[in-house]
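Comments concern the structure below.
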Amino acid sequence: MTHSGLLACHECDLLQREVALPPGGKAICPRCKATLYTQSNNSIDRALALMLAAAVLFAIGNAFPVVTMEIQGRRTAALVWEGAWRLHEEGETVVGILVFLTALIFPLLQIAGMLAILVPLRLGLTPRYLVPAYRTIEEVKPWSMVEVFMLGVLVSLVKLAHMATVVPGIGMWAFFGLIIALAWASSTLNPHEVWARLEVGEPEPAQ
Ligand SMILES: [Zn+2]
């Protein structure tokens, strides 16, 4: 979209030259007045702070049990990966793998990847790997489904409530916090600002 410095209005298709905006600025289509793109104030700083919070919450969510159950005096508390392993042991291998991927691997990739991009950008660096890395993360993001995992946990808790004493653990609160932090970070981060910064580090093509 921004390669030639030209961009088409998404509302009326008017082709126009892209300009650098001051922080807080907004580019508006001269013909239909649609907002073309914005230059937010420190969107990278805020996204970085939220991703660091997400990393801490992710670590807590995986280090503490999501729920503690008490059935006939027997108390069981399971961590996320233990739950996934137990599903596998009970013959639900596919569900176990899905839990493992959506609640553990994909969020981990998303958080680690975003930090690997935001930290150098914050420091004013644009190493070569940033462009392919950012593209990959945008593709992995839809597969990071902590909220679907949490919904599954809640449904099974409601079903179990009549036969066991179920107590939400620290892990569950951490996962709720993680959902909020990830959603907030992706709504805060302006992809236009990231691409603009990434292009600064690219050498000018020889003409
Ligand atoms: Zn327009």
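Rule-based calculations on the coordinates, nothing more; no lab input. Everything quoted here is computed from the prediction, not taken from an experiment. Heads up, the Cβs are rebuilt from the backbone with ideal geometry, glycines too, and the neighbour counts pull from every protein chain shown.
Below is a table of values for the structure above.
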{"item": "On Cα atoms only, tilt of 146-160 relative to the major axis of the chain in degrees", "result": "20 degrees"}
{"item": "Distance histogram for the chain (every C-alpha pair counted, 5 angstrom bins, percent rounded to whole numbers)", "result": "1, 6, 12, 15, 14, 12, 10, 8, 7, 6, 4, 2, 1, 0, 0, 0"}
{"item": "Mean separation of Cα contacts under 8 Å (6+ apart) over length of the chain, as relative contact order %", "result": "28 percent"}
{"item": "Virtual spin-label span in nm between Leu6 and Val94, 7 Å along Cα→Cβ", "result": "4.9 nm"}
{"item": "Inter-centroid distance (Cα atoms) of the stretch 144-201 relative to the stretch 30-53, Å", "result": "22 Å"}
{"item": "Separation of the Arg17 and Arg75 label points, Cα + 7 Å toward Cβ, nm", "result": "7.1 nm"}
{"item": "Projected area, mean over directions - the stretch 1-92, Cα convex hull, nm²", "result": "11.6 nm²"}
{"item": "Nearest 10 degrees, 0 to 90: helix 80-89 Cα axis against the chain principal axis", "result": "60 degrees"}
{"item": "Label-to-label distance, nm, for residues given as Arg122 and Asp45 (7 Å Cα→Cβ offset)", "result": "1.1 nm"}
{"item": "Degrees, to the nearest 10: 43-63 long Cα axis against longest axis of the chain", "result": "10 degrees"}
{"item": "Unit charges at the beta carbon, dipole of the chain: most positive-side option, Ala53, Ala185, Gly25", "result": "Gly25"}
{"item": "Mean projection area, nm², convex hull over Cα of the stretch 51-102", "result": "4.2 nm²"}
